[in-house]
Amino acid sequence: MKVQRLVLITGAVLLAGGDAGAHHSFAATYFEDRTIQIEGRLLQFQFRNPHSFVHVAAPDDDGNVQRWAVEWGGAGQLGSQGVTGATLRPGDEVLIVGNPGRNPEAFRVRMLSLRRQSDNFGWGFEPDEIFD
């Protein structure tokens, strides 16, 4: 009986610890008081939970093309805002505004808004188009 209880408690602690470590603080990863704009070609759209990612080939401050990882909302949250896994496709030309990552060599951005050039599709311009 004691062994079963110990196994149950240990499992609960491990599960809780795994969940706590899976989500990060945006303030620890991104400068929330700054914004940058990147414009380039969409390479990949990972529509998933807990956060989706958009990967874009866009120039850095020196004009060198980099692969930017743009963190976005989870599939569930974005889905309720009309975004699906088919909303963005590789090759789409996009303009993204977001919070820059604290490590400039990582080329990370937290999405604030997105505009696709070909049809003017946009996200982040309506009050309900946010993520946390």
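So is Val109 farther than 17 Å from Phe121 by Cβ, in contact with an Asp or Glu (Cβ under 9 Å, 6 or more places away or on another chain), outside any loop (DSSP other than H, G, I, E, B) and of a type in the set (Val, Ile, Thr) or not? Write out each step before concluding.
Numbers: farther than 17 Å from Phe121 by Cβ: yes; in contact with an Asp or Glu (Cβ under 9 Å, 6 or more places away or on another chain): yes; outside any loop (DSSP other than H, G, I, E, B): yes; of a type in the set (Val, Ile, Thr): yes.
Spelling it out, Val109 is indeed farther than 17 Å from Phe121 by Cβ, in contact with an Asp or Glu (Cβ under 9 Å, 6 or more places away or on another chain), outside any loop (DSSP other than H, G, I, E, B) and of a type in the set (Val, Ile, Thr).
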Only one of Leu78, Leu95, Leu88 is surrounded by fewer than 18 Cβ atoms within 10 Å (Cβ to Cβ), of a type in the set (A, V, I, L, M, F, W, C) and out of contact with any Gly (no Cβ under 8 Å at 6 or more places or on another chain); which? Leu95
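Please report, ordered by residue number, the strands (runs of 3 or more DSSP E) entirely within region 18-103 with at least 2 residues that are farther than 25 Å from Asp128 by Cα and modelled with pLDDT of 95 or more. Show your work before the answer.
Values: elements: 36-46, 53-59, 65-71, 93-100.
Qualifying strands (runs of 3 or more DSSP E): 36-46, 53-59, 65-71.
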When every residue in region 104-120 that is out of contact with any Lys or Arg (no Cβ under 9 Å at 6 or more places or on another chain) and of a type in the set (A, V, I, L, M, F, W, C) is compared, the one farthest from Asp132 (Cα to Cα) is Ala106
Residues being touching a residue at least 24 places away in the same chain (Cβ under 8 Å) and within 22 Å of Ala27 (Cβ to Cβ): count how many of those fall in region 76-122. 17
Which members of region 27-58 meet the condition of being more than 15 Å from Leu88 (Cβ to Cβ) and basic (Lys, Arg)? Arg34
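The values are calculated or read from the model by the stated rules, or taken from the named source; none is laboratory data. Predicted model only: the values in this text are computed from it and were never measured. Quick reminder, even Gly has a Cβ in these numbers, built from the backbone with ideal geometry, and neighbours come from all protein chains shown.
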